[in-house]
Structures are given as C-alpha cells and as structure tokens.
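For reference, the structure discussed in these notes is given below.
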Amino acid sequence: MTRILVLLVSALLALSACAPPPPAQPQIGADGKPLPKVYRIGRGDSSAIQYRMLDSVNALRGAAGRQAVQLNAQLNAAAATHSRDMSVQNRPWHFGSDGSSPIDRIERVGYSGGLVGEAISETYETELETLSAWMEEPGTRNVILSPKASNMGFSWLQESNGKIWWTLVMGR
C-alpha cells in the first residue's frame with residue numbers, strides 16, 4: 001500500500017511539472033504603462049525586414065492611389081550609412097557627422113535619381129511599428145506617400161542594448 005501511495009505521489013509530481021508556467025506579468029514603467037520589449041534583429045533577418053517594409057510601404061501607397069516603389073541597393077547603402085552615423089552621434093537627425101545631407105549621401109553611393117525625402121527614427125520598436133509612427137507625422141507621411149517616389153532604400157543599425165536607428169530614403 002505504501003508503495004502504491006509513493007508511486008501515485010511521484011506520478012502526480014511528474015505530471016505537475018508538465019504544466020505550462022503561469023504567464024509572465026509585464027514590467028510596468030513609472031508612467032504605469034508596460035515597458036517595451038526589445039526587438040532583436042538576427043543576422044539573417046535583413047532581407048525579410050527590408051521586403052516586409054517595402055510591402056507595407058507599397059500597401060500604404062496603393063491605398064493612397066500612389067504607384068509602388070522598388071527597393072534600391074544604392075538607397076539601401078545610403079540608409080545604412082546614415083543609420084550607423086546616427087548611432088555614432090547618438091542623435092536622430094538628418095545630417096551626418098561630417099555635415100552631409102541626405103542629398104550628399106545618395107550622391108556618394110552613386111544614385112542618379114533625385115532625393116524625395118528621408119525618414120529616421122531612434123527606437124526599440126519593430127520596423128512596422130516605426131512605419132506606423134512615421135505615418136502619424138505629416139512630414140514623414142508625405143515622404144512615404146509622395147507621388148514623385150519610385151525607389152526606396154531602407155536600413156538600420158541595432159546597438160547591443162537593443163536600440164535601433166532606422167533610416168528610410170525615398171528617391172525618384
């Protein structure tokens with residue numbers, strides 16, 4: 001009888017270990033809102049992120065009656081350069097540490113079309129959350145939906161702490 005009782009208790013303990021853990025409670029910030037989770041970008045995620053952004057931008061452009069844009073390698077390079085430079089400067093702004101403008105950056109990479117505009121961000125959010133924030137601001141919304149745009153460049157730099165410096169460049 002004791003053996004059966006020990007076996008039953010052992011079986012119950014083993015089964016209780018199989019239950020899923022209770023859901024983790026989000027950490028709450030000083031403002032009472034949940035703290036954001038860090039969005040980590042893996043090494044192999046680059047093209048998936050760029051094409052997800054391209055598809056999302058084109059969906060927004062289509063809904064606004066605009067032509068689709070194409071991803072452009074030269075504009076991607078200009079965007080990557082600026083994302084790295086913003087990280088070095090530790091501030092989101094449109095000028096490089098050498099005083100370069102978005103026009104200078106697209107010319108340096110050999111892009112022969114003109115600049116339509118640039119959208120930048122310093123955040124811990126995903127690319128789609130960032131796009132949503134850009135669409136809420138009239139200036140960046142106008143860049144993304146510009147009827148003059150035919151090409152897009154998009155890149156980022158993620159720091160070890162998770163902060164992401166996003167740059168989107170629209171060209172014609």
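The values are calculated or read from the model by the stated rules, or taken from the named source; none is laboratory data. The structure displayed is predicted, hence computed values, not measured ones. Using ideal geometry, Cβ is built from the backbone for each residue, glycine included, and neighbour counts are taken over all protein chains shown.
Identify, from the list Ala133, Ala119, Ala80, the residue that is in a helix (DSSP H, G or I), surrounded by 16 or more Cβ atoms within 10 Å (Cβ to Cβ) and at pLDDT 95 or above.
Ala80
Cβ-Cβ under 9 Å, sequence separation 6+ or interchain: first residue in the stretch 132-151 and farther than 14 Å from Ser56 by Cα, partner among the hydroxyl-bearing types (Ser, Thr, Tyr) and assigned to a strand (DSSP E or B). Which pairs?
Once the first residue is farther than 14 Å from Ser56 by Cα and sits in the stretch 132-151, its partners that are among the hydroxyl-bearing types (Ser, Thr, Tyr) and assigned to a strand (DSSP E or B) give Thr140/Ser121.
How about the stretch 136-172: which of its residues are in a strand (DSSP E or B) and more than 11 Å from the chain's Cα centre (by Cα)?
The first filter runs over the stretch 136-172 and keeps only residues in a strand (DSSP E or B), leaving 151-158, 164-171.
Of everything in the stretch 136-172, those that are in a strand (DSSP E or B) and more than 11 Å from the chain's Cα centre (by Cα) turn out to be Asn151, Met152, Gly153, Val169, Met170, Gly171.
Is at least one residue of the stretch 79-97 in contact (Cβ under 8 Å) with a residue 12 or more places away in the chain and over 20 Å from the mean Cα position of the chain (by Cα)?
yes
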